[in-house]
Amino acid sequence: MHPTSTARLPAPARAGRSHLEEHAIRALWLACALVAVLAVGFILAFLVVYGLPAFAEIGVLEVLLGDSWSPTATPPAFGILPLAVGTLLVTLGAMLFAVPLSVATAIYLGELAPPRVRNLVRPAIELLAGIPSVVFGFFGLIVLVEWLRVSFAVPSGESVLAGSLLLGVMTLPTIISVSEDAISSVPREFREGSLALGATRWQTIRRVVVPSALPGVTAAIILGMGRAIGETMAVMMVTGNAAVIPSPITDVLSPVRTLTGTLGIEMGEVAIGSLHYHALFAVATVLLVITLAVNLGASAILRRLNASATGRGSPSRLAAVLGRPRAGMAVPVLAAVLAAAVAHSVGGLLPALAVFAAGLLLLAAVPRLSRNQAEKAAFLLLYLAVAAVVAILAIILLDIVSKGLPALSWEFLTGSPRDLGRAGGIFPAIVGTLCLVAGAIALALPLGVGAAIHLAEYRRENRLTRLIRSGVDLLNGTPSIVFGLFGFTFFVLYLEFGVSMLAGQVTLGLMVLPTIIRTTEEALRQVPQGLREGSLALGATQWQTVRRVVLPPAAPGILTGTILSVGRAAGETAPILFTAAVFSQRHLPSSLLDPVMALPYHLFVLATNVPGAQQNTYGTALVLILLVGAVYAVTIAVRARYRAAGGAPG
Amino acid sequence: MQSHRSTLFLPGLAAVVIGALLVAGCTGTGETATPAPTGPPGGPAGRLSVTGSTTVLPVAQALAERYMDLNSGADIQVSGGGSSVGIAAVGEKTAEIGMASRGLKDAETAKYAALEPVAIARDGIAVIVHPSNAVAHLTLDQVREIYAGNVTNWKDVGGQDRQIVAIGRDSASGTREFFTEKVMGTTSTTATMLEKNSNGAIQSSVAPNPGAIGYVGLGYLDATVRAVPLQVDGTAVEPSIETVADGRYPVARELYFVTSGGATGLAQEFIAFALSGEGQQIVEKEGFIPVAA
Amino acid sequence: MTGTPAPGTIIETRGLDLWYGPCQALKEITILIPANRVTALIGPSGCGKSTLLRCFNRMNDLVPDCRVAGLALYHGADINAPGYDVVELRKRVGMVFQKPNPFPKSIYENVAYGPRIHGERDRATLDAVVERSLRSAALWDEVEDRLQEPALGLSGGQQQRLCIARTLAVEPDVILMDEPCSALDPIATAKIENLIDDLKKRYTVIIVTHNMQQAARVSEFTGFMYLGELVEYGETLQVFERPAERLTENYITGRFG
Ligand SMILES: Nc1ncnc2c1ncn2[C@@H]1O[C@H](COP(=O)(O)OP(=O)(O)O)[C@@H](O)[C@H]1O
Ligand SMILES: [Mg+2]
């Protein structure tokens, strides 16, 4: 209407203000992103500084390679080697157990399952990923260990095998869901191409689908492995915690102690400032370094696999080796030898020979099978694996539900604990867990979304961005017990928060920060570039574009990440073990500096500290599962709704 | 010029905003919990945090429950974590009372000079086995040889032919330290001993396992395990409140409440209650041995 | 309409119906495909050309809720009969897809894939098959010295010829091609058309295309489909120059609607 007056607007001033605003906002997101890096740097520095006295006083080599961890002996010995070996053995065992089962299940779900079964099983398995580790530990302690002791006729079931089986079960859902994603996203054309050449379904799966999904499946395995290495509570409850290197090393019935277990057990009792205290920080440092190494190695492998799969770059040597038929034989032969060695140390020479012979027979038989026989045999194995997975998870759930249900009552849900938790209820623990989670999310959500906006929208791939990204990765790989250790020494002692809700919230918030950053960044990247260009072309500023065009369609993704974080924060024990949790509380906390009860901690104490509380222990486990399960169910439902709506916001 | 100004100004702004978000988030959660009721007139009121040793935890919890029944204005929170968590918490003044199943270490007295331990109970350490274990009694030497890994079968100490599974406390625990001091001497513990981080965990591992041996405080004795009498000067002594109290049972120690710079207010009242006649009755009921003469 | 070309019939359908869930995609299709000739299927988008093609090697088995009635014969045998070996069928009736779909493997492995899954292990034989197939697909000269490189690094036209080589390596009777050139530029298209010309000496080729010039250029028989029906089927020359049906004429002359 008034073109002249518009033209005379004081343009420079306007431009200046919005320019400034843009800068402020940009800086804000950068600051959010830097928090992740600072946190990692700070945690690492903290561990190293506190561990340094141990290295200095005892000697670096003596700490790293000493074969005895015996802090109370005279003279005390602080050799980390047996602990590191314990961690590696348990993790390796868990992977040997979990990888075949979960990859088989993922193949079944992605390739063979009728849609109805798939739509039922897939969310169920994702739900299981949310079962808190202390619940698994509790089950392992009560059922698995005893079962091993009786069925192998050994003095005690607390062993590498118990830890491996339990950790394996715990990593099943993670590996299955992520591998299944990878398998399902193999383009349909590959399958059709192979089938059209007259390949059987099994040949297509084995030679085309699985190799194409290999990067994703590898990522899934590494994710599971990271979880296994960093797991504390469950492992601590079933491995026996004897700081020995099994002899022979394949003796899976020997007890062991892991790095995480050592921290979980000893941190609470050690005299602060003593040499033993610093040695525990050395343990934490080694643990962190191992997880970081796994993460870095993993991303290197993934990059190469990805490069060779997408045809960019020359074929990787790894893929080439995997593809060679002779090398393909090496894996089963190795497996047979390993199985024989384990059988030898468990049962003696005869079973060992039997296992080895069976393995060789199998190897000899496989190439002689016709294609149809091979397919039948392979599918049979797949079905068996799926049945095993479903049975294992069902047994655990059934055990807890059937024994936990009788404990549930109005009084149990609304009362305070009495008689050390044997009687009374868990209301303060439910409230405490909700408070901890709310605080953690209140902290992590703005920071995480801000960081993700920086990474996804204001990206300029430079040194800083790469640094931030590695920071997020490393934070993501940091074991939860390390967060607990850091929270205890830094927030509780150094900042004098005391054992308090606040310390727990901040610690948990740091722990879930990378999850929120990653899921948010992922959601932002899914928003088509065209939308951004459309908005910018209309003269919108970048922030306007992000706020009005990019964030709304990304909201469901961000919500999913948030809810997953809620589930994780609600179920974790290790980070609040020393920072926030009290065993008993008659009144609810009234300030952030009060300690709180929390469900996972309550369960842990009941299971390990209070004899004769079995019914309430099962009841607490059930409530915890229901709580976390409800959170996951909401996530899955939300995602399904948005998927059905085509991802468009309503 | 403008960009120069903004580089100085904006990060500061960002920091303020983040701080605000953080505070807002936390306060928001604080409000979701209902505050503790303020007490009726009469008894001492306020909040007391008691934290530390898992061995002392049951008795402290029982004391606290009774005390809160008597004084509804008082809110006593008892948490575990371990002796040193308790001692550090008191030293750092994040808790009023620390529970310890061991005396103070040099490192601790050096760091926190004002710490004062008060013994509130005595605890006998019982050697426990599976209820079906037929071994009649053990000498301290035999217990030591078992935990040193030199005796590995029950038949060598008068039991069935069955492999021994030694279960003990983690190396940082006060109980382990006391056991080492009293039983092991300079002999080192076998590396194959299974380590547990609480009395309850030892008890529940021994209960189902016919070959197991463990040690726990008297408070953890129940029908699921059998306490083995220890042979002292030719006579077998059952671990019990009487035998510990009269000094016949050889493996007993003191449990402490630790305060910093002398207890005041509610903490002082609570410790006084623990040492009172009623308090010591509770101590005894929880399976510990009263300290007051 | 039942066009009935003279020479030996290799594939035949009689009253073939096909439903995707509730939607009928093929109606009463009756067609005889002559051996060692090139047959083209033309028609507007969505008329069921691909669907019909995929009936010939039972690729529609992969589509959930897909139901077939009527007869489809290969060498006189009902391919939908229970117990019919579909894997063997697909080995004999190869397929080239609209979008080039080489596997994420090396060029060599892509071509060797078929022989390998059919049990060939001898390296020298494989080498020979790979070379022969790549030569037949007119790709050998371009990739001779980079056989071990990833197939996904090839251009679109090269990828499509690789897919043809991959199909040839299995030594099929019949090659089904579903718009093999629709994703390619004119030069690559010309190469493939020449290739088809070569192939018809040894194979039966059925090609789906919506490019009428292409159909006219490469095929000897042409079927015109419309809304799931086979409207007209006969010798290419006749279909293009003297269509018997009004619909066909409209389509061919571009007067459609
Ligand atoms: N997988 C499928 N599920 C359901 N309907 C399909 C499927 N594939 C094709 N159709 C439908 O069948 C009809 C024929 O499709 P198609 O054979 O692909 O046509 P053309 O290849 O001639 O373009 C179309 O209406 C299409 O929408
Ligand atoms: Mg088509």
| task | Kindly sort A:I301, C:I31 by accessible area of their heavy atoms, largest first, with the probe set to 1.4 Å. | result | A:I301, C:I31
| said: Could you sort the peptides A:158-167, A:398-407, A:131-140, B:209-218 by per-residue average Cβ neighbour count (10 Å cutoff), highest mean leading? | reply: A:158-167, A:131-140, B:209-218, A:398-407
| Ordering C:K27, B:K196 by how much accessible area each has at a 1.4 Å probe, largest first, what is the list? | C:K27, B:K196
| task | Provide the per residue accessible area, probe 1.4 Å, for the protein assembly as shown, rounded to a whole number of square angstrom. | result | 40 Å²
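For A:H344, B:H137, write out the residues from largest to smallest accessible area, computed with a 1.4 angstrom probe and no ligands counted.
Values: A:H344 90, B:H137 65 Å².
Result, largest first: A:H344, B:H137.
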| So if we plug the beta-carbon distance of A:R463 and A:V337 into 1/(1 + (r/R0)^6) with R0 = 51 Å, what FRET efficiency do we get, rounded to 0.05? | 0.65
| So what is the calculated 222 nm ellipticity per residue for chain A, using -39500 (n - 2.57) for each DSSP H run with n of 4 or more, over all residues, to the nearest 500 deg cm²/dmol? | -24000 deg cm²/dmol
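Considering only protein heavy atoms and a probe of 1.4 Å, how much of the accessible area of chain A is carbon and sulfur, as a whole percent? It would help to have the intermediate numbers written out before the result.
On the way: 17730 of 25950 Å².
Carbon and sulfur: 68 percent of the exposed surface of chain A.
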| chain A - charge dipole about Cα centre, Lys and Arg +1 at Cβ, Asp and Glu -1, debye rounded to 20 | 2420 debye
| query | What residue among A:S212, A:V143, C:P44 has its Cα farthest toward the positive end of the dipole of the protein assembly as shown, where the charges are +1 on Lys, Arg and -1 on Asp, Glu, each on the Cβ? | reply | C:P44
| query | Can you work out ³J(HN,Hα) from phi for every residue in segment A:215-229, in order, using Karplus 6.51 cos²θ - 1.76 cosθ + 1.60 and θ = phi - 60°, giving whole Hz and x for Gly and Pro? | reply | x, x, 5, 4, 4, 5, 5, 5, 4, x, 5, x, 5, 5, 5
| message | Going by Cα centres, segment A:427-458 and segment A:135-163 are how many Å apart? | response | 36 Å
| field | Shielding by other protein chains, B:204-214, mean Cβ within 10 Å | value | 4
| task | Take every DSSP beta bridge whose two residues both sit in segment B:124-252, then give the antiparallel share in percent to the nearest 5. | result | 65 percent
| note | For C:K191, the lysines lying under 20 Å Cα to Cα, once residues fewer than eight places off in the same chain are dropped, come out as C:K99, C:K200, C:K201
| What percent does the relative contact order of segment B:124-252 come to when contacts are Cα pairs within less than 8 Å and at least six residues apart? | 39 percent
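Relative contact order for chain A using alpha-carbon pairs under 8 Å, separation at least 6, rounded to a whole percent?
Values: 993 pairs, mean separation 117.3, N = 650.
Relative contact order comes out at 18 percent.
Using R₀ = 25 Å, calculate the FRET efficiency as 1/(1 + (r/R₀)^6) where r is the Cβ-Cβ separation of A:L112 and A:A300; round to 0.05. Can you show the working numbers first?
Working: r = 33 Å, r/R0 = 1.31.
Plugging the Cβ-Cβ distance into 1/(1 + (r/R0)^6) gives 0.15.
About its Cα centre, how strong a charge dipole does segment A:133-290 have in debye, to the nearest 20, once Lys and Arg get +1 and Asp and Glu get -1 at the Cβ? Could you put the intermediate results ahead of the total?
Numbers: 8 positive and 10 negative charges, 104 e Å.
The calculation lands at about 500 debye.
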| So how far apart, in nm, are the two label points at B:S72 and C:A77 if each is 7 Å from Cα heading toward Cβ? | 9.0 nm
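Please list C:171-184, A:424-437, A:589-602 highest first by mean number of surrounding beta-carbon atoms within 10 Å per residue.
Values: C:171-184: 21.6, A:424-437: 24.4, A:589-602: 25.9.
In descending order of packing, they fall as A:589-602, A:424-437, C:171-184.
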| query | Ranked highest first by the average count of other Cβ atoms within 10 Å around their residues, in what order do A:367-375, A:110-118 fall? | reply | A:110-118, A:367-375
| query | R0 = 41 Å: FRET efficiency of A:E522 with C:Y84, Cβ-based, nearest 0.05? | reply | 0.35
| query | Residues in segment B:227-244 near a label at B:N150, defined as backbone nitrogen under 18 Å from the 7 Å Cα→Cβ point? | reply | B:231
| task | Just tell me how shielded B:46-56 is by partners: mean number of partner chain Cβ atoms within 10 Å of each residue's Cβ, no decimals. | result | 3
| message | Please compute, for peptide A:19-32, the average count of beta-carbon atoms on other protein chains lying within 10 Å of each residue's beta-carbon. | response | 5
| task | Please compute how much accessible surface disappears when B pairs with A, both sides summed, using a 1.4 Å probe, and round it to the nearest 100 Å². | result | 6000 Å²
| said: Testing the spin-label approximation: label points 7 Å from Cα along Cα→Cβ at C:D122 and A:V60. State their distance in nm. | reply: 6.0 nm
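The values are calculated or read from the model by the stated rules, or taken from the named source; none is laboratory data. Remember, predicted model here, so these are calculated numbers, not experimental data. Reconstructed Cβ throughout: ideal geometry from the backbone, glycine too, with neighbour counts over all protein chains shown. All accessible areas refer to the heavy atoms of the entire protein, side chains included, with ligands and DNA or RNA removed. Shrake-Rupley method; radii C 1.70, N 1.55, O 1.52, S 1.80 Å.
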